[in-house]
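Since the structure comes first, as structure tokens, the remarks are kept for the end.
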Amino acid sequence: MPAVLIYLDTCCFNRPFDDQSQTRIRFETAAKLQLQQRVRQKKVRLVWSYLLDFENSQNPFPERAASILLWRNLAEVRVGETGAVLDWGRSLMTLGIKPFDALHVACALVAGSDLFVTTDDLLLRKLRGFPDLAALPPGEALAKVEHWYED
């Protein structure tokens, strides 16, 4: 069975830099770091996009941006701006999804991602039941990747 293909959005990549005093943030950080460990182990395949490049270039903390950019080199699939991405993005915006979020999801769709991982609750609510892509927070994504509940 081929490794799961995942797309981590910008908020997910930035989660370890958030205030870790909240239990939820610590949990999501730990799960996100475990997903990245699976990428390093080649148990999970990572998607990178032009939008991740753009948003990361806007990061006001150069050391954080540099840390995140390292994941670009570990991505097995890279998605640029294409007509298909823009078409999906426009379609997703009709669901009330913000433009950058819509483009992240569009990149995941065009890449053929199995999972779209985000810490954005509003985006997760908008994508609940979306038939073309499983959108999950980091903890649930890790559970899916590791088949926790398939016994």
In segment 111-122, residue surrounded by the most Cβ atoms within 10 Å (Cβ to Cβ) [restricted to those that are touching a residue at least 40 places away in the same chain (Cβ under 8 Å) and within 14 Å of Cys11 (Cα to Cα)]: Val117
Consider Ala30 carefully, then state whether it is surrounded by fewer than 18 Cβ atoms within 10 Å (Cβ to Cβ), closer than 18 Å to Phe116 by Cα and of a type in the set (Gly, Ala, Ser). yes
Test result for Gln36, surrounded by 15 or more Cβ atoms within 10 Å (Cβ to Cβ), of a type outside the set (A, V, I, L, M) and under 18 Å from Asn14 (Cα atoms): yes
Log entry, pairs with first residue in segment 54-69 being within 12 Å of Phe17 (Cα to Cα), second being part of a loop (DSSP other than H, G, I, E, B), beta carbons closer than 6 Å, six or more apart or on different chains, reads Ala65/Asn59
Can you tell which of Leu51, Leu69, Leu92 is assigned to a helix (DSSP H, G or I), surrounded by 15 or more Cβ atoms within 10 Å (Cβ to Cβ) and touching a His at 6+ places or on another chain (Cβ under 7 Å)? Leu51
Among the candidates Ala108, Ala135, Ala141, Ala84, which residue alone is among the small types (Gly, Ala, Ser), surrounded by 15 or more Cβ atoms within 10 Å (Cβ to Cβ), in a helix (DSSP H, G or I) and touching a helix residue (DSSP H, G or I) at 6+ places or on another chain (Cβ under 7 Å)? Ala141
Taking Gly80 as meeting all but one of (1) closer than 25 Å to Glu146 by Cα; (2) within 17 Å of the chain's Cα centre (by Cα); (3) not aromatic (Phe, Trp, Tyr), write down the number of the exception. (1)
Output the qualifying pairs, or none if there are none: Cβ atoms under 6 angstrom, residues six or more apart or on different chains, first residue in segment 136-151 and in contact (Cβ under 8 Å) with a residue 40 or more places away in the chain, second residue polar (S, T, N, Q) and part of a helix (DSSP H, G or I). Leu142/Gln34
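A short reminder: the numbers here are calculations on the coordinates, not readings from a lab. Fair warning: this is a prediction, and the values are worked out from it, not measured in the lab. For neighbour counting, all protein chains shown are included, and Cβ atoms are generated from backbone atoms with ideal geometry for every residue, glycine included.
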